[in-house]
């Protein structure tokens, strides 16, 4: 499946001999260098604290399987994972829906104040969440969303709209405008065009925005900290606190825990990659 | 008709059973990851809940930095405000009181506060009113590796003054031993040196006078001399290589590995040096000794003055009477004795020091019960804004990056901006 | 049909040269239905809080209770006379330069290699994207150990060379290079992803036609791929600079701003000198300055560089 799509879309079909071997080798070396710290993170989950401190990059002398096993068999891991997934799912969905809608409007329609509104939304990019955390708290509290997952989801969506709109609008504009003209001549309105032509052809960018939005939500810490109080609602970033202390932190458990929480993000990435490919095939057939 | 009767009966039943469900929840928020400490607290909570039907006391944990980040917003909203919460006293407590988040419990504790160490009780007063109840006190002292001292021919009993101390450092260096390990990467471990020097040189009023602006405030000679003494020590190059990026856990592990002779630290070092060491066990208790911070010649401070943390529970403004009642229950002698026996921490209840069996803890508890003056950590006492500047300049002075005069001026500047 | 369309869409005519359509009722329906949800959410949770945070910058406030001590522009005065803040500005600038010169070209080169047909393309993409996914607390911690003079990779190198242990993170002059390395590692995968998405939007038929006409790989890249990737590259640069201005998450576990405050960025300065010291008004002032810098850049960049996008 990957092969077919790649043949249709690849920038160079027959990779030329030596150059491609060198390229491949370079990629392997780079991949190794990039992967090394991530691998070390996972590996250190198998050590105990003292070994982690003095032998952070070697193989464990004694493999502490219990570190990972205890986490996986504990209730807390699945609970926080579920919360994180819930929050991320709604964040991604809302971000995609609202960004795509707004991006479509900005891509095809000219009206009074459209450039202004476009710039307005981009303000979200230019401000780190941490600076406005106190006013955001007051707002969430005023809306009665404290303690609710929506108190985390809605601000996250609001902040990722800027990037989503920028990226998606850019992709929408790359689609040939003749398509829209032809569709309109056939009596197709904007809404149907959006749903049946624009969206299906924009697989790659939607998947990209989905992945980025997912990762940002997945690793979110400050917002859930301020909004949520009961442990049963904690995402994994707050669940991590159980391993951290005032003076001492069980780093090996922290790393094991974090390793286990990367897995859903990886799955999300792989799923998104398939969506990109599916989107490509649809587009190729269309043209 | 029948339906109405049933409904009436149901309503009666509900009304009658209502009191049984109307539980008062008391939330106690803390940052302790000390397993022994938590075990005792949970036991106290269970005992209290068993004796008082209709009240449920619950301890809740938040990680240290998360706790500090979240508390301002948590205290604002009724829904999230804890009834009792952990505190280090000092500037943060005063800010919390000023904003109206704390309850004046002077009258409620009057009958039993005399059972607690007076310095600790005072630490939790703002403008004379009691806003919280202490439970733990600590001491910062030099923990030393007995074997390494022997190897260098240093006798701990002979170190009384600052000059004796410098002499010991030189001997250790000559024997090829790293004299001191310090986690300067986190800055606050270094400020212990500076704080103790200020206290030894200026005596018990040093900090209070500086805060009040006497004699130039923090720019006064006491602080400048403290900086000079610190430079004196640093000039001997007593710290481990790369000390500027060493974190506290690492330095504890290094001490546990026997890589350095001394560590000026709080009592939690004893529970940290083991797990963080290479072997996982660290130094055996018999091999660790405690040395009080030396006296500075010509200084007004006494050898029996102590520096250390004071921890307690603050009462938030919406706490129910049961919460305050719980505090009284919590502070009973029997629990303090149990705490001492298990060496979980050093309780402030008077008389509990006799129950300590662990020799190191006993030594600390004795020091504290006999203290002539107990000073809270500078970076707590002064509040985070000025406190962190003290941390910053301590490291800068030790590393030779800042003059003692500039350091003192920086602290004053931060105090002015408050 | 599509091939001809794309050829016409090459850089001579901006891709966005849509004929200005008259606004129909249908068009207005779109505006009214598609825009308000996003705008409302944004206004409530982003815009209003920014304004309020700006308001706090005029106060000396510790975050407890309502702000009371109005001090006008004094926070800004403290800010600009603080050498650590000035150093943070410089550091942010260094990150920008480094990103534009090293990180983005690397991301582009890798993207070209993994966007198409190559053994294990998806796996490579995943590996390069992984640092971006890894939570900053873990990334900062592991890299802290990587640079450790005794036990880290740096330590291994010095031991192999027979040199004394070197503590990069304690070195006043060079500690920031550690930050640059970690930033590179963490974010190049993000930009790679953007370029991959962009590359996959390019019609392969175009490139095949060029290949059959005898164009070399480099010529194909330079004359077809790169121009068509233009809008995405400009966006990527935009995100890169904005991101560089807001670097924060990895600074805390990696260096804590040290040694001697040489590795702070504006946001880490905001965190260490504002939020953790309970100087909320001061941190808001930093936030406002950062915001103004970002807005100025964004405005200028979009007017000039992204004019036709």
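Read-outs throughout are calculated quantities, based only on the coordinates presented, and are distinct from any laboratory measurement. Quick caveat, the model's predicted, so the values are computed rather than measured. Ideal geometry is used to build each Cβ from the backbone, glycine not excepted, and the neighbour counts take in all protein chains shown.
Numerical summary
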| read-out | value |
| --- | --- |
| Spin-label proximity, residue B:303 to the stretch B:244-277 - amide N less than 12 Å from point 7 Å beyond Cα toward beta carbon | none |
| Helix B:383-398 axis, angle to chain B major axis (alpha carbon atoms, nearest 10°) | 20 degrees |
| Averaged over C:125-132, number of beta-carbon atoms from partner chains that fall within 10 Å | 6 |
| For chain C, built as a Gaussian network whose Cα springs stay under 10 Å, the top-fluctuating residue of C:82, C:91, C:264 | C:82 |
| For the stretch A:208-279 and the stretch B:384-406, distance of Cα centres in Å | 37 Å |
| Distance from the stretch B:35-106 to the stretch B:304-328 (C-alpha centre basis), Å | 9 Å |
| Principal-axis tilt of helix B:64-76 within chain B, Cα atoms, nearest 10 degrees | 40 degrees |
| Value at 222 nm in deg cm²/dmol, rounded to 500, when DSSP H runs of n ≥ 4 in chain C each add -39,500 (n - 2.57) | -19000 deg cm²/dmol |
| Per-residue mean of C-beta atoms belonging to partner chains within 10 Å, peptide B:375-382 | 0 |
| Pairwise label distance in nanometres, residue C:218 with residue B:23, each label 7 Å out on the Cα-Cβ vector | 7.6 nm |
| Residue-averaged 222 nm ellipticity for chain B, from DSSP H runs of 4+ at -39500 (n - 2.57), nearest 500 | -14500 deg cm²/dmol |
| Per-bin percent of Cα-Cα distances, the stretch C:138-229 [10 Å] | 14, 28, 17, 15, 20, 6 |
| Compactness of the stretch B:238-330 - radius of gyration and Dmax, Cα, Å | 19.1, 54 |
| Part-to-part distance (alpha-carbon centres) for the stretch C:112-175 and the stretch C:186-216, which is given in Å | 28 Å |
| Cβ-derived FRET efficiency at R0 35 Å, residue A:55 paired with residue A:22, nearest 0.05 | 0.50 |
| C-alpha long axis of helix B:2-21 to longest principal axis of chain B, angle in ° | 30 degrees |
| Full-stretch length increase - residue B:418, residue B:98 - with 0.36 nm per residue and alpha-carbon distance subtracted | 113.8 nm |
| Cα gyration tensor shape for the protein assembly as shown, rounded if a/c is under 1.5, else prolate or oblate | prolate |
| Average beta carbon contacts from partner chains per residue of A:170-180, 10 Å cutoff | 6 |
| Most mobile listed residue (B:262, B:272, B:190) in chain B, GNM with C-alpha springs under 10 Å | B:272 |
| Residue with peak Gaussian network fluctuation, chain A [Cα springs, cutoff 10 Å], from A:220, A:82, A:144 | A:144 |
| Spherically averaged projected area in nm², based on the convex hull that wraps the Cα atoms of the stretch B:212-256 | 4.7 nm² |
| Residue exposure sequence - A:165, A:62, C:114 - by fewest surrounding Cβ within 10 Å | A:62, C:114, A:165 |
| Gyration tensor verdict on the stretch B:30-72 (Cα atoms; rounded if a/c is under 1.5, prolate if a/b is larger than b/c, oblate otherwise) | oblate |
| Three-way shape label, chain A, alpha-carbon gyration tensor, a/c 1.5 | oblate |
